[in-house]
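Written below as structure tokens is the structure these notes are about.
The values are calculated or read from the model by the stated rules, or taken from the named source; none is laboratory data. For clarity, every value in this text was computed on a predicted model and none was experimentally measured. We place every Cβ from the backbone using ideal geometry, glycine too, and count neighbours over all the protein chains shown.
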Amino acid sequence: MTIETCDWYFDVISPFSYLQWKTRERFAGRIRLRPVPVVLGALLAHYQQRGPAEIPPKRWHTYRYCQWRAAKLGLEFHFPPAHPFNPIAALRLIVALDARDEVVDAVFDSTFGKGQDVSDPAILSALGAALGVDDIATAINRPEVKQRLRENTDAAIATGVFGVPTIKAGAELFWGEDMTEMVIDYIDDPDLFASPEMLRLKTLPEGIHRLESKKAV
């Protein structure tokens, strides 16, 4: 069986990205994930939506779920000192090192494995040094590094990616760590979405449009 390489869109700010990446052995024998770092904030801005951490009641619910889910998956998991945090420098470090698997591992291990603040220059410098980068400031501020991160994000939006983590398998997008089993089912059965009821969902009409400027009564 040929193992297909699938784009895996992620941001280090996302605990769900950590959970899916650190359990990627679940895809073994089916697909290989190719890490594509993107800026989640730019995706949210493009689609004019808020992240879970920006809605106070949903924030606590989401964080609690992540802690529980990590325990179920058998993963070491600690939130960093503050969340959300600015992920740009860490994302640029990953880009500067060609988004290699071991680099993504190291950044995620620091962020959610050890619960460190990767937006802290001292933390990022130590992380960079462990990865062979002596001058972290120069590495992450190269114009081509900044440009590649922007291009990754723009290309993700053009593809239809609206959140992270997202796996692109063939022409299909799968958003969220909770889609892991669905991806596996799709890889094992490419006709998974070909049933009449699945096809019907593509053209299902909207019954009501919510207006942001008006309150429901």
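Does Leu43 qualify as being more than 23 Å from Asp120 (Cβ to Cβ) and touching a residue at least 12 places away in the same chain (Cβ under 8 Å)?
Yes: the conditions hold for Leu43.
Out of all the residues in the range 168-206, which are farther than 23 Å from Gln20 by Cα and either touching a residue at least 40 places away in the same chain (Cβ under 8 Å) or among the hydrophobic types (A, V, I, L, M, F, W, C) (or both)? Break it down into steps so the answer makes sense when it comes.
Going through the range 168-206, the residues farther than 23 Å from Gln20 by Cα turn out to be 191, 194-206.
Of everything in the range 168-206, those that are farther than 23 Å from Gln20 by Cα and either touching a residue at least 40 places away in the same chain (Cβ under 8 Å) or among the hydrophobic types (A, V, I, L, M, F, W, C) (or both) turn out to be Ala194, Met198, Leu199, Leu201, Leu204.
Condition check: out of contact with any Ser or Thr (no Cβ under 8 Å at 6 or more places or on another chain), closer than 21 Å to Phe162 by Cβ, in a helix (DSSP H, G or I) and among the aliphatic types (A, V, I, L, M). Does Leu93 satisfy that? Steps first, answer last, please.
Details: out of contact with any Ser or Thr (no Cβ under 8 Å at 6 or more places or on another chain): yes; closer than 21 Å to Phe162 by Cβ: no; in a helix (DSSP H, G or I): yes; among the aliphatic types (A, V, I, L, M): yes.
So Leu93 fails the test.
Restricting to the range 58-72, and then to whatever is within 19 Å of Thr166 (Cβ to Cβ) and of a type outside the set (Lys, Arg), can you tell me which residue is surrounded by the most Cβ atoms within 10 Å (Cβ to Cβ)?
Filtering the range 58-72 down to residues within 19 Å of Thr166 (Cβ to Cβ) leaves 62, 65-66, 69.
Still in the running and of a type outside the set (Lys, Arg): 62, 65-66.
Numbers: Thr62: 17, Tyr65: 14, Cys66: 21.
Per the criteria, the residue is Cys66.
Identify, by number, the condition in (1) exposed (fewer than 15 other Cβ atoms within 10 Å of the Cβ); (2) more than 19 Å from the chain's Cα centre (by Cα); (3) under 22 Å from Ala42 (Cβ atoms) that Ala139 doesn't meet.
For Ala139, the failing item is (1).
Taking Thr166, is it farther than 30 Å from Asp191 by Cβ, hydroxyl-bearing (Ser, Thr, Tyr) and surrounded by 18 or more Cβ atoms within 10 Å (Cβ to Cβ)?
On the way: farther than 30 Å from Asp191 by Cβ: no; hydroxyl-bearing (Ser, Thr, Tyr): yes; surrounded by 18 or more Cβ atoms within 10 Å (Cβ to Cβ): yes.
When the stated conditions are applied, Thr166 does not pass them.
Go over the candidates Val36, Val103, Val133 one by one and state the one that is modelled with pLDDT of 95 or more and in contact with a Leu (Cβ under 6 Å, 6 or more places away or on another chain).
Numbers: Val36 fails: in contact with a Leu (Cβ under 6 Å, 6 or more places away or on another chain); Val133 fails: in contact with a Leu (Cβ under 6 Å, 6 or more places away or on another chain).
Of the residues listed, the single one that is modelled with pLDDT of 95 or more and in contact with a Leu (Cβ under 6 Å, 6 or more places away or on another chain) is Val103.
In this structure, is Ser110 hydroxyl-bearing (Ser, Thr, Tyr), crowded, with 16+ Cβ neighbours inside 10 Å, part of a helix (DSSP H, G or I) and touching a helix residue (DSSP H, G or I) at 6+ places or on another chain (Cβ under 7 Å)? Show your work before the answer.
Values: hydroxyl-bearing (Ser, Thr, Tyr): yes; crowded, with 16+ Cβ neighbours inside 10 Å: yes; part of a helix (DSSP H, G or I): yes; touching a helix residue (DSSP H, G or I) at 6+ places or on another chain (Cβ under 7 Å): yes.
So Ser110 passes the test.
Scan the range 39-57 for residues that are surrounded by 13 or more Cβ atoms within 10 Å (Cβ to Cβ) and modelled with pLDDT under 95 and jot them down. It would help to see each step written out before you state the result.
Start the filter on the range 39-57 by keeping residues that are surrounded by 13 or more Cβ atoms within 10 Å (Cβ to Cβ), which leaves 39-44, 46, 51-53.
Hits for the range 39-57 are Gly51, Pro52, Ala53.
Filter the range 1-26 down to residues that are at pLDDT 95 or above and hydrophobic (A, V, I, L, M, F, W, C) and give me whichever is nearest to Gly163 (Cα to Cα).
Phe10
How about the range 1-32: which of its residues are among the hydroxyl-bearing types (Ser, Thr, Tyr) and either surrounded by fewer than 16 Cβ atoms within 10 Å (Cβ to Cβ) or out of contact with any strand residue (DSSP E or B) (no Cβ under 8 Å at 6 or more places or on another chain) (or both)?
Here is the first cut: in the range 1-32, the residues among the hydroxyl-bearing types (Ser, Thr, Tyr) are 2, 5, 9, 14, 17-18, 23.
Residues satisfying the conditions are Thr2, Thr5, Ser14, Tyr18, Thr23.
Within the range 183-195, how many residues turn out to be assigned to a helix (DSSP H, G or I) and either surrounded by fewer than 17 Cβ atoms within 10 Å (Cβ to Cβ) or touching a helix residue (DSSP H, G or I) at 6+ places or on another chain (Cβ under 9 Å) (or both)? Walk me through how you get there before you give the answer.
Of all residues in the range 183-195, those assigned to a helix (DSSP H, G or I) come to 183-188.
Subsequent filtering for residues that are either surrounded by fewer than 17 Cβ atoms within 10 Å (Cβ to Cβ) or touching a helix residue (DSSP H, G or I) at 6+ places or on another chain (Cβ under 9 Å) (or both) retains 183-185, 187-188.
Qualifying residue count, the range 183-195: 5.
For (1) in contact with a His (Cβ under 9 Å, 6 or more places away or on another chain); (2) outside any loop (DSSP other than H, G, I, E, B); (3) among the aromatic types (Phe, Trp, Tyr); (4) at pLDDT 95 or above, each residue gets a yes or a no:
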residue	(1), (2), (3), (4)
Phe85	no, no, yes, yes
Ala99	no, no, no, yes
Ala129	no, yes, no, yes
Ile157	yes, yes, no, yes
Asp178	no, yes, no, yes
